[in-house]
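Throughout, read-outs are computed from the coordinates displayed, never taken from laboratory work. All of these numbers come straight from a predicted model, not from anything done at the bench. Note that we place each Cβ from the backbone using ideal geometry, even for glycine, and neighbour counts take in every protein chain shown.
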Amino acid sequence: MTKLGASVSRCSVSGSKPAFGPAFVVALALATGVGVLNAQTSAVPTNIPYADAKSVLDVLRDNLLPPELRSAAPAAREAVWPAWVSRRDQEIRARLARADEDSLLNLLLLGTTFTRHPRVTDLAALRAPDAAAAMLAGRVDDLVGALSGPGGDERIRFARGVIAGTGTTVETPAGRRQAREYLFAILARVTRETEEFARTVAAMSQLDDPVAKLALDATNYRDRGLSSDTSIVPNFAIDQALQDLRTAGRLRPGTVRRVAVVGPGLDVIDRREGYDFYPVQTIQPFAVIDSLMRLGLAVRDQLHVTTFDVSPKVNGHLDAARRRADGGDGYIIQLPLGSHERWRAELIAYWERFGKSVGDDADAAAPPANSGVRVRAIQVRPEVLRSVVPQDLNIVLQRLDGLAPAERFDLVVATNIFIYYDVFEQSLALANVARMLRPGGLLLSNTLVPELPGLPMTLVTHTDVVYTETAVGDRILCYERAR
Ligand SMILES: C[S@@+](CC[C@H](N)C(=O)[O-])C[C@H]1O[C@@H](n2cnc3c(N)ncnc32)[C@H](O)[C@@H]1O
C-alpha cells in the first residue's frame, strides 16, 4: 500500500501498457553475462530447476545476483544451483521467526483483551529516554501475566509459543523476568529497524535514477521478517482490478475455475491498525472468491482455490478451518474498519458488501469502547471453505510440477508478498508462477516485478485504486502468461 499520488507520477501511463515496463526491463536486463497435501491435483511442490532459473540468471545484471552465483562461471552455476536453492529456502523460511516476534510486539503495543492500559500506537513516542519503560511496564506485566496463566485464545497460545521458542518458561518468576526482557529487546530491534527503514526511504527519494528508484521501491521489505499481516484493504484493489479485467474482456464470465492465492496471510495483529478483540483470521482466499462470484467471473461449484504459503501458522490455520468445514462449520470473518484513516466512499461500500457471495451476515465482535472501530462479520459457508486447499510452497523457489493442462491456474493473486524479495528472487517467483498458469492466464500483484525477455510473462494492464482521502492506494499490475 503506497501513497498513490507519488507512485502514479513515477509510473506514468501511455496507452494500455505502463510506460515503466520496457525501460525497467532494459535497465535491469543487461545481458552480461512440504507440507499439506494438495487434494485438488496430483502435482507436487518441486524446486525450480536450473533450466528455468537460467532465463533469469542470463539476463539480470551481475550485481542483482546473489554473491555465490555472481562469482560462478555459467557451467559452475548449474552445479551449485540445487544446493543454493535448498539453502536459500531455509533462509527464507527462517525469516518467519522474526515476523512472529514483530506480531508479539504488536500484541504487546496494541492488544486490548489482556490489559486496561492504553494502546501504544506511536512507536516514535517510545524513543525518549525511559519512555518505553514508563509507557509499557503495565502492558508488559499484563501480557506476561496472561501468558503464564492457563489456556488463552489463539493469540495468547501463539505468543506463548514465540516466547517458548527462546527457551523461556513463563511459569517461573525467573522465566517471567526473562520474558519481560525479551519483549523489550524485540522493541529495541524493531525501533532500530524502523529508523533504518525510514533512512532508506529518505535516501531513495533523493535518487536521480528513476529506474533504480522503482527497483528499490518494489523491494522495500527485502530485509524484513516475513509478516503475515493482512486486512480487507488490498482485496478491495483486487476486486476493482477484476472488475476492470471483466470490462476490458480479458476475463470472461464464468471462465475462472482454478485460482491460486500466493501468501494469503493471517491477521494475528497487524502493525498499522491491529486489534485483538476478534479471533485470528485469514481473509484473502474468501475475498477473491467473493469478488469472482459477485462479478460472475466464476461459477459456484466449479471454482477451486489453492493457497501457497511458507508459513506453517497460515497453512495450519486454513487446514484446521477446512477440517471444521467437513463437520459442517462455517468460518467467521470479522471486518474491522478503523477510524484512523479517512476511508473513501468506494472502500466503505466494498466493506459493506464484502462476503455476500460467499456467506451470510454474522454477529460482529464488539470493538473496545471509544475506539471508533466499526465492525461487520460474515460467516463463510462450509462448501466455500472446502473449495480452498492450502499448500506449503515457497513461491520464490518452488512450483507445483506436473500440473495437467486443465489443472493449470486461470488466475494467480499475490499481494504484499513480492515486496519482501529482491529483483532476482522476484524474477524466480515470476518464473514459478508462469509455470503454473495456463497460456493466457493472469497474475495480479501490487508489486512491480520486472518482465524479463526469457520469461513468458508480460505486463498487460494495471488498475489504480485509492483507499483514503489522503490518496493512499495501490496499483494492481496484471501480467499475462504467453499464449
Ligand atoms: C504481508 S502478508 C500478505 C497477505 C495478503 N496477501 C494481503 O495482501 O493482505 C504476506 C504473506 O505471504 C507469505 N509469504 C511470504 N513469502 C512467501 C513465499 N516465498 N512463498 C509463499 N508465501 C510467502 C507470508 O507467510 C504471508 O502469508
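What base-10 log of the normalised intensity I(q)/I(0) is obtained for the range 231-299 from the Debye formula, alpha carbons as equal point scatterers, at q = 0.23, 0.24 Å⁻¹? With no solvent term, the Cα-only Debye profile gives -0.98, -1.04. Its Cα gyration tensor gives the range 233-481 an equivalent ellipsoid; the semi-axes, largest first and in whole Å, are 28, 21, 18.
Highest mean packing first, where packing is the average number of other Cβ atoms within 10 Å per residue, the peptides 419-428, 187-196, 380-389, 285-294 line up as 285-294, 419-428, 380-389, 187-196.
For Lys356, a cut-off of 14 angstrom between C-alpha atoms picks up these aspartates and glutamates, skipping any fewer than 8 places away in its own chain: Asp239, Asp290. Return the Rg/Rh value of the range 94-206, two decimal places, where both radii are evaluated on C-alpha atoms and Rh is the Kirkwood radius. Result: Rg/Rh = 1.00.
From the Kirkwood radius over Cα pairs of the range 222-355, Stokes-Einstein at 37 °C and 0.692 mPa s returns a whole-number translational diffusion coefficient of 204 µm²/s.
Dividing the summed -39500 (n - 2.57) terms of all DSSP H runs of n ≥ 4 by the residue count of the chain sets its mean residue ellipticity at 222 nm at -13500 deg cm²/dmol. DSSP beta bridges confined to the chain are antiparallel in about 65 percent of cases. Centre-to-centre separation between the Cα atoms of the range 275-342 and those of the range 94-116: 22 Å.
The chain: Rg/Rh from Cα coordinates, Kirkwood Rh?
That ratio is 0.95, to two decimals.
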